[in-house]
């Protein structure tokens, strides 16, 4: 890449030198003649040196400009990073197995660890304005899922319940004026219990969305997660 750029610079300098040198009334030649430098060879050498110097200055200016723009991009337009992992007491972290005890299942608590790395200020403001949400999907015919310690959602303003999912407004309580690029973590606990004792299986899955862009909001962030498999055994 560097060789290609150097070759391109040499080509530009050569073309500009030929074009300017072919015009014997250009201001450089006029200035040199006024200084008593009428020799054509000297004029061409000085002309080539000046054009080379001008190209170097332009290159340095563009390099500084791109660095400034790059820093601005990182500060304002970098995508937020979200990583979701599962923490439960079972031996297999991505699987929960329900086995009946006295003819019924005992409820289990799932802890979702959400690691968020805030980045571009403008992207964060847009996402917060759009009510950026992290959603947990489940099969309502098989499972009952509700937030831990708050089954009625009466005290948690950033969590809402729907028939087949729970939505968490991930940036509602985040102070954008205090933004830094350090990762912070949020743990959300949920109670999961199958509706009936029978052999069955389903998954808890996750997605991100917003009020306006819906799922297209994924282009404004980097999102990774682990699905959770829920297995129900009748005996």
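All of the numbers you see were taken from the coordinates with simple rules; none came from a lab. None of these values were measured; they are calculated from a predicted model.
Numerical summary
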read-out	value
Region 77-232, relative contact order in percent, only Cα pairs under 8 angstrom and at least six apart counted	37
q = 0.10, 0.16, 0.18 Å⁻¹: log10 I(q)/I(0) that the Debye formula gives for region 77-232, counting C-alpha atoms only	-0.38, -0.90, -1.09
